[in-house]
1. If you check Ile7 against the conditions, is it closer than 20 Å to Thr437 by Cα and touching a Lys or Arg at 6+ places or on another chain (Cβ under 6 Å)?
2. Just name the residue that is surrounded by the most Cβ atoms within 10 Å (Cβ to Cβ) out of those in region 203-235 that are without any contact (Cβ under 8 Å) to a residue 40 or more places away in the chain and either under 17 Å from Gln180 (Cβ atoms) or hydroxyl-bearing (Ser, Thr, Tyr) (or both).
3. Does Gln167 fit the bill of being in the same structural domain as Cys348 (by TED's automatic domain parsing), at pLDDT 80 or above and over 28 Å from Pro190 (Cβ atoms)?
4. Any residue at all in region 58-69 that's within 30 Å of Tyr469 (Cα to Cα) and not small (Gly, Ala, Ser)?
5. Of all residues in region 333-349 being in a strand (DSSP E or B) and out of contact with any Ser or Thr (no Cβ under 7 Å at 6 or more places or on another chain), which is surrounded by the most Cβ atoms within 10 Å (Cβ to Cβ)?
6. Regarding Val185, is this residue under 18 Å from Ser292 (Cβ atoms), assigned by TED's automatic domain parsing to the domain that holds Lys328, surrounded by 17 or more Cβ atoms within 10 Å (Cβ to Cβ) and β-branched (Val, Ile, Thr)?
7. Applying the selection to region 714-749, what residues are surrounded by 19 or more Cβ atoms within 10 Å (Cβ to Cβ) and of a type in the set (Phe, Trp, Tyr)?
8. Got at least one residue in region 152-167 being in contact with a Cys (Cβ under 8 Å, 6 or more places away or on another chain) and closer than 25 Å to Leu20 by Cβ?
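The values are calculated or read from the model by the stated rules, or taken from the named source; none is laboratory data. Because the structure is predicted, anything quoted here is derived from the model rather than measured. Backbone-built Cβ (ideal geometry, glycine too); neighbour counts: all protein chains shown.
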Amino acid sequence: MATKFQIEHYSSFTSAKEALSWSDNDEIVLCTDEALHISKFHYASTQRGCVPSLYKTCIVQEKEPFKLVLLDDENIEKMKRNVSDAELNGWCVDRTLNPNLTSSIGIGKSFCGASWSPTGADQCERCILASLSTDHRVAVYSRFQSDNKWKKACDLSEIYLSQHPIQKEDFSTLKRTCYQAAAVVIDWSPEIYKEADTSRKYSVLAVGMKSGHIILWKIYLPFLSETECQIVATVLPHCSVPSAFSWCSSKGVFRMFAVGYLDGTVSVVQMDSDFACQVTSVQDEKDLMRVSCMCWVRCEKLQFDLLFINKESYIHAYAIDVIDGKTKVVCQTPYTLAENTLPGTGFCHRDGVIVMSSADGIIQRLTVDGTDEKNISISCLKSSYSISIDDIHHWSCQGIALSKHAMFLMAVYRSSSYYDHLEIKMRNPTKLCILPTYQHSVVDLAEVFNNWFTDETGLNESADLLHVYRAELSLEKIHISKVVEYLTQFDPVILGHLPLRTLRIIRFHLMCQCQSIPKLDSVEEEQEKEKEEMSKLNQINDLICGQYIQNCVTKAINGSKFTLQDRQTISAMVQFLEQRQLWDKLPSKHSPNSLTEHLLEVEPWKCAICEQDILECMSTMKCGALYFSESRGLHINFNIQLTSPLLQLDDTILTISCTLIKGKTVMYRPILFTSLLSVNYHLQEENYSCTCPNGHRFGLCLKTFKPCCDLQYRTCSLCRVFYVSLESLNKISWIQDMSKCTLCDGQII
């Protein structure tokens, strides 16, 4: 059976190995010679089909290359007189020592690596990104506040050079200090740690230098500027150029990583909380076979970690364990000859799935068999994940990544190098292939989803699972039995006592059902069915808000002294519960009588346009709302005019009009929808807004339950519900999950 996959095209070439990385925040970065291409994986219920939709952005490389050596003509002549011919020739062809020689090929515009931080590294609890370019520049990129644009936060290479300047007394000193400042590999620790004395959060970024040194950067979180980072340790496991790096993500091991070198040696470094490092040599024999890539795999059955190493066409594994605080090699497997003929370009392990890509375009799945620590074997299988782009060109796979629950696999391919200067160059030489691995797995999806329904993983951490669930549910192949039972009985009192996460899953299931209501015998029956489903959805939304309010109020009462703003916010929350008649449907954590001392009389909010009193919550569409869905097909323009709500369909262009401000027209950029059905759904599902007597409507913030009257506000990236700015929420310490949507757990931007 042919393998079905989705292909994304890129016009820039990629030269890096391990050119692909998938974050815990479901963002994918692709390293190319001209930019870092970042794609966001979404799981909205309005999508269609089994292929995911990606929101794309990019980070462009610096225009000027980062030059470690800045010599004038006098210094160059002095250097030439004091070195031998062999040293001079070596200096001339060394890109690190003489970057001017290769400036014509754009060395400063090529990315050769990128690494994601753990989730929760910026102010909105997202990941930040570290990049490495071929001119040895290491930079950190972040998104500040709720902005979704990437900006360079600091240049770690510049900081290192300011603290360790290049010495130019003689050639050997110049070479030694340059190599110590030239980064060749980077990798971010998989966890966030806390300082014992201050409880301040931080993460560790490891940077391998060309001299063999490993520089450990302590990055304080949330990361704001270059003042939040400092060098805490420098380790020299081996005097060779590092070629591969991998952190151990096992929960039972505290800060351990492996380093592979060009000469074939491998070392494991273990750190304590004070950054005192202990180096253990895993393989000290120099077999001159470059370590191409590495990966850690936790063997739960045998209770130790396996370190997978690729050299040329061979795969090797070491069983590593920490005994009495010391790292020891328990056993090792013999070299396994894999299916590839060229070196590996990426290792990845997620949720029990181990895959490796190689430069000859082969993707292999690895399995580990063993009864005890003395009998461990590795087997490789390439048939199930083989991808064939075309039969004309030769394609090299430059990296591989798996989603968090291994439901999707991404691989980046580039066309082989051109040797004929007369040959026509390919317009899009880089392809990103997305393969739904669950379609080629023997795992029982029903069991996977039923187990996931009972665990504690947040919806924002399960994007791939939700995407698969939506696709399978639309085909009526699978469903969570407990969710169907709750929706069939649909007792608001029973639902109101369920955990908040369970209510969100039920809501997602119901939203998917609303998108695929089957054709009935008459239009009246279809409308009645749709009305029934939307009524259930609105009740679920109210119950989620009620549960969230109770959790926040409990935290507020158990906290510190109340401020005026705290009392105003609690009063607005209680007013929302009373308007929606939710007291009898929720667990009896609090009652209006128990909260009397914390309440204030809620003053009517003023309209920001006409300064009239805002009256009440409405079940109609909000003016100024940007409704969109991330999918393929129907292009939509929003044209807001002085008319009643109206839908006009003209081929592929849909115009939506609604009342805004008299005499003014606002034009929105084109937005991509799945189908007209998803437009209808959005118009009906949105029911949290407030209005004034003149008809001006504002979104109701589902964190403070006050109108979003300020110019600065945020929206959920999935369901488009409005929220006040992060600065406003920071003043209320007991508000939970300030950057996650109350309804769907999506990212607020």
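1. yes
2. Looking at the filtered set, the residue picked out is Met209.
3. Yes; evaluated as a whole, the condition is true for this residue.
4. Looking through region 58-69, at least one residue is within 30 Å of Tyr469 (Cα to Cα) and not small (Gly, Ala, Ser).
5. Residues of region 333-349 that are in a strand (DSSP E or B), as a first pass: 336-337, 344-349.
From what is left, the residues that are out of contact with any Ser or Thr (no Cβ under 7 Å at 6 or more places or on another chain) are 336, 347-349.
Working: Thr336: 15, Phe347: 25, Cys348: 23, His349: 20.
Ranking the candidates gives Phe347 first.
6. Yes, satisfied.
7. If the condition is that a residue be surrounded by 19 or more Cβ atoms within 10 Å (Cβ to Cβ) and of a type in the set (Phe, Trp, Tyr), then Phe722, Tyr723 are the ones that fit.
8. yes
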